[in-house]
Amino acid sequence: MKDPEIDYQGIFDASPSAMLVLTPDLVIVDANTSYQRLVGRARHQLVDRHVFDAFPKDPEGPDDLRASLGRVLETGVQDVAGPMRHDVEDRTRPGVFEERYWSPINAPVVDAEGKIVLVVHRLEEITEVVRACGPESDERRLRTQFELYARSRELQQVNDRLRQANARERQVALALQEAMLPAPERLDRHRAAVRYRPAEDTLNVCGDWYEVTQLACGAAAVAVGDVVGHGLAAAGIMGQLRSALSAAMRVVDGPATALDGLDLYARSVDGALASTAVQTVIDEDDHRITYSSAGHPPPALVHPDGTVEFLDRATDPPLGADPEHRPRPQATTTYADGAALVLYSDGLIERRREDIDLGLRRLADHLARHHKDDVEELAEELTTLSVATDDTVVIVVRL
């Protein structure tokens, strides 16, 4: 069934919020019915006029609208002008103004290149709210008005600073992750493809990591991990754990022993406890995969006929989760030429309010449909399963 076309002009006209649409030169392009009714002026009295020429000038009341619109055009960010007094001329008595209070919000509309092409001006009358403060003198009412204005401006400025700080932290965290997650090491006997997709949420840059290592014995070691937490701190912890596990795999015998060492190390790193990791070793001579997992989602082994086997027979709690350190389990499985080993982080399978088994079935179905794809194509295809709110790592190794 074809989706119905949306009548945006009809929505604008029917909106209960009073709105103007302005050009960057502050000329009125359109005024909806709610706005015309609120200010008592017909559409032909507003459209094609400069916003400050469209109304009889109030000789008494202060007007902060110009400053608010200027901030929007300068910064490209929505601006709340705050409670504002602007008296309105009585339509039955020209030259006589009625005391009115307003709460304007101005927001930019940008094109595909980020250039401001329009400004939406929304207006809400708060005269009765201001008057509800009680029978008070003009001086006290004015003081209340400016206190409300100051509070709203302070809140807006705090929100702006938070957005800027979060954006800076995201940029630093992504740069740190990129530096710590170089291109995977080339394997002697297998082709590997890696995809890393950071979370789109500014506040949700995470600590997902991967490691692909060609061991001196001829085997290949492939690992994926996930640090609890978000932001710059998680990115830093990720780098420490990744480096520690990479070093351990070069000097110990097997994935379980390497995770044993990583577990001990994580207990000494602030913020590393409860992180997850899975380590696999691929032995080409024996067509054997040895693996061990510390609370991480199970790797998927896709056989040449498209059947999917989840490697879940050697799973233990996350790093440092046990009160006492104990040796971790290890398991082995075999594979045939043409199979594929897939490691990933939880952003590929988890959804809010959804059982993880549904995510695993979704992954298995996807792998069954695309198991013959080239490793690069398969890795790219798998990232379509990821959610935008969480980091996602995918590694595909063609066996």
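The values are calculated or read from the model by the stated rules, or taken from the named source; none is laboratory data. Note that this is a predicted model, so its numbers are computed, not measured. We place every Cβ from the backbone using ideal geometry, glycine too, and count neighbours over all the protein chains shown. Just the protein is used for accessible areas: all its heavy atoms, side chains included, with ligands, DNA and RNA removed. Shrake-Rupley method; radii C 1.70, N 1.55, O 1.52, S 1.80 Å.
The residues of segment 300-352 that are under 27 Å from LYS372 (Cα atoms) and among the polar types (S, T, N, Q), listed by number, are THR307, THR332, THR333, THR334, SER345. Is it the case, given these coordinates, that ARG351 is within 22 Å of ASP312 (Cα to Cα) and assigned to a loop (DSSP other than H, G, I, E, B)? Yes. Of SER34, SER17, all but one fail to be hydroxyl-bearing (Ser, Thr, Tyr) and surrounded by fewer than 15 Cβ atoms within 10 Å (Cβ to Cβ); the exception is SER17. The criterion of being under 19 Å from ASP391 (Cβ atoms), at pLDDT below 85, basic (Lys, Arg) and buried (at least 18 other Cβ atoms within 10 Å of the Cβ) holds for ARG197.
Return a yes/no flag: does segment 324-331 have any residue that is polar (S, T, N, Q) and within 18 Å of TYR210 (Cα to Cα).
Applying the first criterion (polar (S, T, N, Q)) to segment 324-331 yields 330.
Keeping just the survivors that are within 18 Å of TYR210 (Cα to Cα) gives none.
No; the residues of segment 324-331 include none that is polar (S, T, N, Q) and within 18 Å of TYR210 (Cα to Cα).
For segment 315-352, a residue qualifies if it is touching a Leu at 6+ places or on another chain (Cβ under 7 Å), of a type in the set (Val, Ile, Thr) and more than 15 Å from GLY295 (Cα to Cα), and the qualifying residues are THR333, VAL342. Only one entry in ARG143, ARG100 is open to solvent by 70 Å² or more (accessible area, probe 1.4 Å), out of contact with any Gly (no Cβ under 7 Å at 6 or more places or on another chain), of a type in the set (Lys, Arg) and at pLDDT below 85, namely ARG143. Every listed requirement among (1) closer than 24 Å to ALA256 by Cβ; (2) open to solvent by less than 10 Å² (accessible area, probe 1.4 Å) is met by HIS325 save one, (2). Of all residues in segment 87-102, those that are free of Cβ contacts under 8 Å to residues at least 12 places away in the same chain, charged (D, E, K, R) and not in a strand (DSSP E or B) total 2.
Would you check if GLU350 is surrounded by fewer than 21 Cβ atoms within 10 Å (Cβ to Cβ) and either in contact with a Pro (Cβ under 9 Å, 6 or more places away or on another chain) or among the β-branched types (Val, Ile, Thr) (or both)? Walk me through it before giving the result.
Working: surrounded by fewer than 21 Cβ atoms within 10 Å (Cβ to Cβ): yes; either in contact with a Pro (Cβ under 9 Å, 6 or more places away or on another chain) or among the β-branched types (Val, Ile, Thr) (or both): yes.
Considered against the rule, which asks whether it is surrounded by fewer than 21 Cβ atoms within 10 Å (Cβ to Cβ) and either in contact with a Pro (Cβ under 9 Å, 6 or more places away or on another chain) or among the β-branched types (Val, Ile, Thr) (or both), GLU350 comes out as yes.
For ARG398, state whether it is in contact with an Asp or Glu (Cβ under 7 Å, 6 or more places away or on another chain) and either more than 20 Å from ASP226 (Cα to Cα) or among the basic types (Lys, Arg) (or both).
Working: in contact with an Asp or Glu (Cβ under 7 Å, 6 or more places away or on another chain): no; either more than 20 Å from ASP226 (Cα to Cα) or among the basic types (Lys, Arg) (or both): yes.
Against the criterion (in contact with an Asp or Glu (Cβ under 7 Å, 6 or more places away or on another chain) and either more than 20 Å from ASP226 (Cα to Cα) or among the basic types (Lys, Arg) (or both)), ARG398 does not qualify.
Being open to solvent by less than 30 Å² (accessible area, probe 1.4 Å), over 23 Å from ALA300 (Cα atoms) and modelled with pLDDT under 65: is that true of GLN177 here? So GLN177 fits the description; yes. Scan segment 379-394 for residues that are in a strand (DSSP E or B) and touching a His at 6+ places or on another chain (Cβ under 9 Å) and the total you get is 0. Restricting ARG85, ARG91, ARG43, ARG66 to those that are modelled with pLDDT of 85 or more, open to solvent by 40 Å² or more (accessible area, probe 1.4 Å) and of a type in the set (Lys, Arg) reduces the list to ARG43. If you go through segment 256-299 and keep only what is among the hydrophobic types (A, V, I, L, M, F, W, C), open to solvent by less than 10 Å² (accessible area, probe 1.4 Å) and either modelled with pLDDT under 90 or under 30 Å from the mean Cα position of the chain (by Cα) (or both), you end up with LEU262, ALA266, ALA272, ALA277, VAL278, ALA294.
In the set (1) outside any helix (DSSP H, G or I); (2) at pLDDT below 95, GLU376 fails one condition alone, (1).
Kindly establish whether VAL269 is over 24 Å from PRO323 (Cα atoms) and of a type in the set (Val, Ile, Thr).
Values: over 24 Å from PRO323 (Cα atoms): no; of a type in the set (Val, Ile, Thr): yes.
So VAL269 fails the test.
In the set (1) part of a helix (DSSP H, G or I); (2) in contact (Cβ under 8 Å) with a residue 60 or more places away in the chain; (3) of a type in the set (A, V, I, L, M, F, W, C); (4) within 17 Å of ALA294 (Cβ to Cβ), ALA247 fails one condition alone, (2).
Considering each residue of segment 214-237 in turn, none proves to be closer than 20 Å to ASP188 by Cα, open to solvent by less than 20 Å² (accessible area, probe 1.4 Å) and either touching a Lys or Arg at 6+ places or on another chain (Cβ under 6 Å) or free of Cβ contacts under 8 Å to residues at least 40 places away in the same chain (or both).
Evaluate segment 229-244: report whether one residue or more is in contact with an Asp or Glu (Cβ under 8 Å, 6 or more places away or on another chain), at pLDDT 85 or above and assigned to a helix (DSSP H, G or I). Yes: one or more hits. Taking every residue in segment 354-365 that is closer than 14 Å to SER386 by Cβ and pairing it with any residue that is open to solvent by less than 70 Å² (accessible area, probe 1.4 Å), at least 6 positions away or on another chain, the pairs with Cβ-Cβ distances below 6 Å are GLY359/ILE349; LEU363/ILE349.
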